[in-house]
Every structure is written in C-alpha cells, then in structure tokens.
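Asks: Supplied in structure tokens, the structure appears directly below.
We did not get these values from a lab; they are worked out from the coordinates using the rules stated. Everything numeric in this text was worked out from a predicted model, so none of it was measured. Note: ideal-geometry Cβ built from the backbone for every residue, glycine included; neighbour counts use all protein chains shown.
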Amino acid sequence: MARFRYRMQNILNIKLKLEDQEKQNFAMARNRLTEEEEILKGYQEKRDYIAREGVRMRTEKIDLLKIKENTALASYYDDQIRSQKVKVATAQKNLETARIRMQNAITERKIHEKLRENAFEKFVKEEAMNEAKEIDELTSYKYGLKQKQSEV
C-alpha cells in the first residue's frame, strides 16, 4: 500500500506553531490584565483606608497638618486610580485583540486540518479503487489462464 503524504503539511505545521504563539500571547495579555487589576485593587484599598483615616482624624482631636496630608494623599491615590483604570482598559483591549488573533489562528489551523482529512479520504478511496482494479486484473488473468489451459 502507498504511503499518504499531505502536500501542504508544512503549511499545517506553520499554522500549528502560529496557533501556539497566539495562545501564548493571549496568556501573557491575560496575565498583564490580572496584574493591572491587582494594582488597581491595591490603590482602591489604600484610598479606602485613607478615607477612613480622614474621617477618624476629623472626629478626634483636629490636627490640620495631618488632615491636609490625608487630603493630599487621597487626591494622589484618586489620580493613581484614574491612571490605573486607563491601564486596565488598555490591557482589556490588548486581551481582546489577542483573543481575536488566537481565534483566527485556531480557525486557520482547523481549515488546514480539514483539508488534510479530505485529502486523506481521497487518498484512501483512490487506493481502494487501485486495489480493486488490481484484483480485477489478477482475476481476469487467472481466468484467462484457466481458459487457455482448458483449451489445450
């Protein structure tokens, strides 16, 4: 029996490698988004703590210097939170882009795998036809030999 050889196997191999790369890029983008979200969460927790401290300072003995420092620190963390939200949004966009690229790579790989399967099915049918043809020829040859031997 002949050996099946897919003509575009090298393209399929490239598509598999591209898919792996896109999966890695997606994972890195997902990790980056998680990191940015953790940083944002940390800033928000610090801002909440500072707000609680500000309330506590205003209810106890009033120290204007500490209250000013607290207000300035709260303002600083508000700015950090706004900045971090922009970074999170950017990371989300990058994640979505990576997801789309990964999906496209998976689709392309699946297309080439389907083409390979179709080529293999065609190969199997051709081999079955060739085998049937050989069997028919062999049978005809043997029948012809028997006819010649019975005539002699």
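Asks: Report the residue count in the stretch 61-117 for those that are farther than 18 Å from residue 24 by Cβ and in a helix (DSSP H, G or I).
Replies: The qualifying residues number 37.
Asks: Of all residues in the stretch 2-16 being in a loop (DSSP other than H, G, I, E, B) and touching a residue at least 24 places away in the same chain (Cβ under 8 Å), which is farthest from residue 108 (Cα to Cα)?
Replies: Only one residue fits best here, namely 2.
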